[in-house]
Structure formats: C-alpha cells, structure tokens
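Values quoted throughout were computed directly from the atomic coordinates according to the rules given, and no laboratory measurement underlies them. Computed from a predicted structure; not experimentally measured. Cβ placement follows ideal geometry from the backbone for every residue including glycine, while neighbour counts extend to all protein chains displayed.
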Amino acid sequence: MANKKYVIQALVFLAVISTAGVIIWKTTAGTWKTDPIATSRITITTSAIQHYDYQKDITFNTTATGAAVSTNQGGGTITTGFPVAVHINSSSFPTAADRTHFFNDTYNPAGKRVQFFDSDETTVLNYEVEYYSTANQEALYWVSVPTVTGNSSTDKIVVAYGNDPNSSDQDNKTGVWDSNFKGVWHLGEASTPAYDSTINANNGTWSGNTQTTGQVNSGANFNNDDEITFSAKIIPLGAKTVSLWVKTASDADGVIDESGTASTNHGSSFYITGGKLYFINSKATDGQCRFSLPPNTVINNNVQRHCAYTWDGTTNANMVKAYTDGSADGTGTALTTESIAASHNLKFGNLGAPYATGYYYTGIIDEIRFSNTNRSAGWIKLEYYSMAKTNFNGDNGVSSPFINFGSQEATR
C-alpha cells in the first residue's frame with residue numbers, strides 16, 4: 001500500500017491518508033477500513049516546493065571568512081532584493097546524479113523550469129538565466145534574494161528541480177533588478193544586440209566586438225575601433241552608481257561615456273589615465289569638471305578588476321566614492337549638483353565624439369550596471385564577492401567561498 005508521510009494516530013486505531021487522499025484506518029481487530037465522512041472533512045495541502053522532486057540549500061557566508069559584509073543587503077521583498085550570481089556546475093552539483101536531475105531537457109528546458117525559494121521554502125524568488133548548457137552541464141542564474149543577512153553563515157535560499165509542475169517557464173529577469181537599476185548588461189551575447197536585463201530594455205549595438213571569457217560567464221572584447229553604442233542617454237542624472245568588470249593592460253582608454261572630450265560638454269565618462277579608471281562628470285557652464293575622481297588603485301594589470309563608483313548627487317564633502325574589488329578606494333567632492341542632460345548618447349569602449357584615435361578601449365568589459373541611487377559600501381562589496389566567488393571563470397584569487405551548496409535532498 002503506497003501512502004504519504006501524513007499519519008494520524010488516535011487512541012486504539014491508526015489512520016493513514018493514502019496517496020489518493022482517502023482516509024483509511026486500521027481497527028483493533030487488524031482490518032483496514034475507509035472513512036468517507038472523515039475524508040470529506042480534511043484538506044491535504046502540499047507546499048510548492050514539494051511539487052519538485054529535489055532541492056538544494058544555497059547558503060551565504062557574509063562573515064569574516066566569506067564576503068565580510070556586516071549589514072543586511074536587499075530591500076526585504078522579492079522585487080527589491082539583492083541579485084546574487086548562482087553557478088551550477090560540477091563543483092556545486094558534484095555528483096553525476098545531481099547534475100542529471102538538474103540538467104534535464106524534459107523537466108528543465110533552457111534552465112527555466114526550476115524554481116528558487118527563500119529560506120521558508122514557500123516564497124518564490126525571481127531569477128534570470130544568463131547561461132544554461134545541458135551538454136556542458138553548467139548554468140548561471142541571477143537570483144533576487146529579498147535580504148542577504150550581514151555577518152551570517154546560515155542565511156540561505158533553496159533551489160528546487162527534477163520536475164516540471166508548472167509546465168511553463170518560471171524565469172523573470174526584469175524582476176531580478178530593482179527599480180533603481182537603469183541598465184544591466186551581462187555582455188554575454190555572441191553578437192548584437194547587447195541586451196539590457198532591466199525593465200528599461202536599453203539595448204545596445206555591437207560594432208566589431210567579439211565574445212570572450214569575462215569574469216562571470218562571457219564578456220565583450222574591445223580592440224582597435226570596437227564599441228557598443230546606444231540610442232539614448234542612460235547614465236542617471238544626480239545620484240548614481242556605476243559598476244563594471246574590466247581586464248586591460250592599457251593606460252589611456254575611454255571605457256564608458258556620455259560627455260565626450262570637449263570642455264564645453266556635460267555628462268559622465270569613465271576613462272583610463274595612467275592605469276587608473278577615472279570617474280569624470282563635466283558641466284558645460286564653464287568648461288570645468290564637476291568632479292574628476294581617480295581611484296587609488298592602478299587596474300591595468302591585465303587581470304579582472306571590479307570597479308564601482310557612487311555619488312549621492314550633492315555637493316557634500318567626499319560623497320563621490322570609488323571602489324576597487326569591493327573595497328573603498330578614494331573619494332571626491334562635487335562642485336555643483338547635476339541637472340542638465342549629457343551631451344552624447346551612451347557608448348561603451350570609446351570616449352565620445354569626435355572619434356579620435358587613442359580614445360578607444362582595448363580589453364574586456366563584463367557586467368556593467370547603472371543605478372539611480374548611491375549604493376552602500378556593503379552593497380558594492382557584496383556585489384563584488386557575489387561575482388568574484390562564483391568560480392565560473394576562476395575565483396580571481398579569493399580564497400573563501402561566499403556561496404556554499406548543500407547536498408541534494410528529496411522534497412517529500
């Protein structure tokens with residue numbers, strides 16, 4: 001007799017809820033009988049995760065042995081969460097059986113039929129599939145975690161797989177990136193366009209670029225006059241955060257730009273001078289820079305470096321901030337606030353018009369993100385660790401894992 005785990009024992013008889021949802025009970029004489037009246041009064045509720053066959057815990061380590069972030073990150077809801085990179089491969093799913101259950105074209109075509117849950121195993125989380133390969137048994141997901149708890153080694157989410165209970169794709173990439181994000185480009189495409197994962201759909205046009213190995217999956221390679229162009233100005237005015245991964249040996253290149261090179265232009269630009277990636281904001285009124293912030297760290301050593309810049313939009317002292325590989329790396333002060341639109345549409349890999357030789361970037365760019373708020377130091381650090389510790393393209397010299405995967409378990 002096939003029965004579920006639901007067992008009711010009362011006094012002198014044993015009642016069992018069968019797989020058909022009917023109560024059957026054993027009398028003291030040892031015979032089994034059905035009870036249709038009791039059956040009609042009981043409703044069996046199965047949690048969403050139990051519709052899948054298997055699950056794995058994904059635990060975050062924000063203590064000193066992991067990301068070393070002391071404050072909570074994320075807005076606390078499924079639409080304001082922190083985007084975490086989750087890498088599925090032979091390290092996180094070490095047994096062939098694990099990977100066979102996950103990389104199943106019947107139950108999980110294109111990687112979009114799995115489900116991520118919060119630690120309560122009930123709250124469904126938004127996720128984006130950046131990469132999925134059944135043949136290589138490897139995948140990369142971006143999951144919006146409502147809150148990543150600071151200084152914790154027990155905070156977790158759960159991935160469920162091994163069945164297709166919804167018979168439809170469950171991914172929701174625009175739901176991963178909160179409303180403050182104005183552009184997120186993974187740059188993992190093999191050709192144009194360069195897709196923006198946010199609801200804004202600010203897609204760019206590749207020109208000469210090639211796909212190459214980035215920090216997280218693939219990135220865009222720039223050489224000679226390669227660039228990615230856009231038909232709009234996208235870097236937010238005022239308060240902003242801009243972050244990206246770069247790998248270059250150059251000491252004089254334009255990386256991101258909306259201002260151009262003329263002294264009368266305005267807007268933001270990011271370019272390498274003396275091996276440092278400057279954050280420049282120009283104001284057209286007097287030909288001066290609103291600020292010009294070089295980080296302390298030289299980044300043209302031809303290894304992957306995470307660079308992030310924030311500004312709260314005010315003229316308060318030291319509110320223009322630079323971060324390199326998750327650590328604070330310099331501050332500056334804006335002369336004025338910003339209210340005038342940039343001079344040029346956005347481009348990656350070149351420093352505005354006119355397109356002068358020497359302003360093109362040579363190297364790799366990956367994971368460019370714009371937000372219209374100045375993200376906290378904890379957010380920047382966790383963003384770096386989330387991507388540096390995916391082990392997708394190597395761990396970039398970071399020894400302690402931020403993410404740990406548990407063993408495969410049956411959901412029921």
Residues whose built amide H sits under 5 Å from the amide H of N209, excluding neighbours closer than 5 in sequence, are E227
By counting other Cβ atoms within 10 Å of each Cβ, how are Y278, Y271, Y361 ranked from fewest to most? Y278, Y271, Y361
Please give the length that would be gained between T213 and S231 if that part of the chain were fully extended, namely 0.36 nm times their separation in residues minus their C-alpha to C-alpha distance (nm, one decimal). 3.8 nm
At R0 = 45 Å the Cβ-Cβ FRET efficiency linking N136 and N372, nearest 0.05, sits at 0.75
T63/A110 FRET efficiency (R0 30 Å; Cβ-Cβ; nearest 0.05): 0.25
Taking the simple approach of a point 7 Å from Cα along Cα-to-Cβ for both N316 and T154, what is their distance in nm? 3.5
To the nearest 0.05, the calculated FRET efficiency linking T331 and S70 through their beta-carbon distance, R0 being 30 Å, is 0.90
Pull out a ≥ b ≥ c, the square roots of the eigenvalues of the alpha-carbon gyration tensor of the stretch 181-372, then state rounded if a/c is under 1.5, prolate if not and a/b is larger than b/c, and oblate in the remaining case. rounded
Quick one: check the C-alpha center-to-center distance for the stretch 59-115 versus the stretch 204-239, whole angstrom. 26
Longer than 26 Å from Cα to Cα, which of K112/K156; K156/K247; K233/K283; K182/K381 are they? Say none if no pair is. K156/K247
Each label point is 7 Å from the Cα along the Cα-to-Cβ direction; what then is the distance between the points at S407 and T273, in nm? 5.9
Rank these for me by crowding, T337, T324, T154, T174, going from fewest to most other beta carbons within 10 Å. T154, T337, T174, T324
